[in-house]
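**Q** Would you mind keeping the following structure in view while I ask a few things?
The values are calculated or read from the model by the stated rules, or taken from the named source; none is laboratory data. Please read these numbers as outputs of a predicted model, since none were measured by experiment. As a convention, Cβ positions derive from the backbone with ideal geometry for all residues, glycine included, and neighbour counts pool all protein chains shown.
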């Protein structure tokens, strides 16, 4: 089951709508393929990166990802993502602290993406993805 893939479609589609001008949106058949600006991750790159971070389509690594944030002193933020209600933000530097600059560098280098842009994008979407992966306000196993 590709739970993460479905969530990514929703999250990325929502982000694209927010960035689009306030005009009538074309139907999916009318939309041209989206190319990312130079240095920015494409939707396909982001899907691959998030599947790598969260452990594939079934998001098997969700408890591990949450634990990484908690171990870096961000339990309050993570709890806001898991529980219903507004999500507390995380910034680029916190993402680099949680995943390590080496990991972010490698993810960016493999896809020819600017590393700072990647960390910024991850900081925007990880809270939304964790929020969507925990619709009942709980995770299955919190180690």
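**Q** Kindly indicate whether residue 117 is surrounded by 15 or more Cβ atoms within 10 Å (Cβ to Cβ) and modelled with pLDDT of 95 or more.
**A** Considered against the rule, which asks whether it is surrounded by 15 or more Cβ atoms within 10 Å (Cβ to Cβ) and modelled with pLDDT of 95 or more, residue 117 comes out as no.
**Q** Going by the conditions given, is residue 96 without any contact (Cβ under 8 Å) to a residue 40 or more places away in the chain and either touching a strand residue (DSSP E or B) at 6+ places or on another chain (Cβ under 9 Å) or over 23 Å from residue 10 (Cα atoms) (or both)?
**A** So residue 96 passes the test.
**Q** Filter the stretch 88-143 for residues that are more than 13 Å from the chain's Cα centre (by Cα) and within 18 Å of residue 7 (Cβ to Cβ) and give the result.
**A** Those that are more than 13 Å from the chain's Cα centre (by Cα) and within 18 Å of residue 7 (Cβ to Cβ): 134, 135, 136, 137, 138, 139, 140.
**Q** Sort out which residues of the stretch 109-125 are free of Cβ contacts under 8 Å to residues at least 40 places away in the same chain and in contact with a helix residue (DSSP H, G or I) (Cβ under 8 Å, 6 or more places away or on another chain), and write them in order of number.
**A** Scanning the stretch 109-125 gives 109, 115, 116, 119, 120, 123.
**Q** Suppose we filter the stretch 60-73 for residues that are closer than 17 Å to residue 123 by Cβ and surrounded by fewer than 19 Cβ atoms within 10 Å (Cβ to Cβ); how many remain?
**A** Residues flagged as closer than 17 Å to residue 123 by Cβ and surrounded by fewer than 19 Cβ atoms within 10 Å (Cβ to Cβ) within the stretch 60-73 amount to 4.
**Q** Quick one: residue 88 ticks every box in (1) modelled with pLDDT under 90; (2) exposed (fewer than 15 other Cβ atoms within 10 Å of the Cβ) bar one, so which box is it?
**A** Status for residue 88: all satisfied but (1).
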